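Heads up: the structure comes next, in structure tokens.
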Amino acid sequence: MKRYIGIRIVYLLLTLFIITTATFFLMKELPGTPFDEEKLQQLPQEQKQMIYASYGLDKPVGVQYVNYLKNIVKGDLGTSFFYTGQHVKDIIMSRIGPSALIGLQAVLLGLAIGMILGIIAAYRHNSGWDYATMIIAVLGVSVPNFVLAALLQYFVGLKWGLLPVAFWESYPSSILPSIALCVGVIALIARFVRTEMLEVLEQDYVTTAKAKGLGFARIMFQHVIRNSLISVITILGPIVVNLLTGSLVIENIFGIPGIGSLFVDSIKMNDYSTIMGITIFYSAFYVLVMLIVDLLYGLVDPRIRLASGKE
């Protein structure tokens, strides 16, 4: 197990290195600069050089790249071009809270409801429950979350006045964005659970368990549901990363000061260092979650752990 984790960590670091390198040089190819060129041209040449030197832009691209890698190893993501004097790491940390809250609520709510609907649909296959669940799943996948967000704002926020329409003022401000995000999660989880459970219910070991006289609850939880979780774990990894690191559209619709809206603003302002910092943060979080997903495979199904030589 330790050897497997060590190999995965090496792959993780290699992936981050490739992403960092590609993003750095792509940033250098983007048109425009983070500075106001009209105002910059009005400054004396010495002051312009001082400004570029303060951000390390007076050196060749190769030297900038090496210096950036050295700073990343130290945990320094650089200084923002737009938010003057603020470190990128501090900016990201100040914005991750709202994104993580609405994302975590969306994941937990979507996982719980999706699992329940998927189990009911599989157990009551070809019944009204099954058809109703599939209709909900299709609608959840088909309706974009920004359309659902607008409907929630109009009916729940404006017409009924139950929750805040937008802006980040208190905990109730997080409820509507979480609901808008969780509907798609519910649909995906429900469909995957239903499909996997229908397949597992037809397996020989389930028939054998029934023949041995095992109780319904034991068969469902020990054999059927557990063996249906592999596909759920697979799709849950990317879902967790996407939701916990902020939804670009939802955060802008609800006026949430999260990392998603920060990323959009950074692109608009050509804030290269912040764009780089968010990209690296997102990539590191993604590969870490996928490592956890790989380890969860072995916990859910020991056959996977044995087959890959992790023990």
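See the values below:
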| quantity | calculated |
| --- | --- |
| Subset of the range 133-156 (residues that are of a type outside the set (S, T, Y) and buried (at least 17 other Cβ atoms within 10 Å of the Cβ)) | I136, A137, G140, N145, L148, A149, L152, Q153, V156 |
| Hey, L288 of a type in the set (A, V, I, L, M), touching a Leu at 6+ places or on another chain (Cβ under 8 Å) and open to solvent by 40 Å² or more (accessible area, probe 1.4 Å) or not | yes |
| Residues of the range 6-28 classified as β-branched (V, I, T) and surrounded by 14 or more Cβ atoms within 10 Å (Cβ to Cβ), total | 4 |
| Any chance L229 is part of a loop (DSSP other than H, G, I, E, B) and either within 29 Å of L101 (Cβ to Cβ) or out of contact with any Cys (no Cβ under 8 Å at 6 or more places or on another chain) (or both) | no |
| Candidate set from the range 220-252 (those that are among the hydroxyl-bearing types (S, T, Y), under 30 Å from A122 (Cα atoms) and open to solvent by 10 Å² or more (accessible area, probe 1.4 Å)); member that is nearest to the chain's Cα centre (by Cα) | T234 |
| Contacts under 7 angstrom Cβ, first residue in the range 1-22 being of a type in the set (F, W, Y), partner surrounded by 15 or more Cβ atoms within 10 Å (Cβ to Cβ), 6 or more apart | Y4/K310 |
| Single residue of S283, S266 found to be hydroxyl-bearing (S, T, Y), farther than 30 Å from R8 by Cβ and at pLDDT 85 or above | S266 |
| Search result, residues across the range 190-204 that are part of a helix (DSSP H, G or I) and either open to solvent by less than 80 Å² (accessible area, probe 1.4 Å) or not charged (D, E, K, R) (or both) | A190, F192, V193, R194, T195, E196, M197, L198, V200, L201 |
| Check on A149, farther than 30 Å from I278 by Cβ and either touching a Cys at 6+ places or on another chain (Cβ under 9 Å) or not β-branched (V, I, T) (or both) | no |
| Test: residue in the range 253-263 that is open to solvent by 20 Å² or more (accessible area, probe 1.4 Å) and not in a helix (DSSP H, G or I) | yes |
| L104 vs. criteria open to solvent by less than 60 Å² (accessible area, probe 1.4 Å) and touching a residue at least 60 places away in the same chain (Cβ under 8 Å) | no |
| Pick from the range 157-173, criterion hydroxyl-bearing (S, T, Y) and surrounded by fewer than 16 Cβ atoms within 10 Å (Cβ to Cβ), ranking: nearest to the chain's Cα centre (by Cα) | Y171 |
| T207 touching a residue at least 24 places away in the same chain (Cβ under 8 Å), assigned to a helix (DSSP H, G or I) and hydroxyl-bearing (S, T, Y) | no |
| Residue satisfying all of: in the range 70-81; under 25 Å from the mean Cα position of the chain (by Cα) and not charged (D, E, K, R); most open to solvent (accessible area, probe 1.4 Å) among these | V73 |
| Hits in the range 115-127 - residues which are assigned to a helix (DSSP H, G or I), open to solvent by less than 60 Å² (accessible area, probe 1.4 Å) and out of contact with any Phe, Trp or Tyr (no Cβ under 8 Å at 6 or more places or on another chain) | M115, L117, I119, A122 |
| Breaking point among (1) in contact with a Cys (Cβ under 9 Å, 6 or more places away or on another chain); (2) among the small types (G, A, S); (3) on the phi > 0 side of the Ramachandran plot, for G85 | (1) |
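The values are calculated or read from the model by the stated rules, or taken from the named source; none is laboratory data. Quick caveat, the model's predicted, so the values are computed rather than measured. For neighbour counting, all protein chains shown are included, and Cβ atoms are generated from backbone atoms with ideal geometry for every residue, glycine included. Keep in mind that these areas ignore ligands, DNA and RNA; they rest on the heavy atoms of the full protein, side chains included. Shrake-Rupley method; radii C 1.70, N 1.55, O 1.52, S 1.80 Å.
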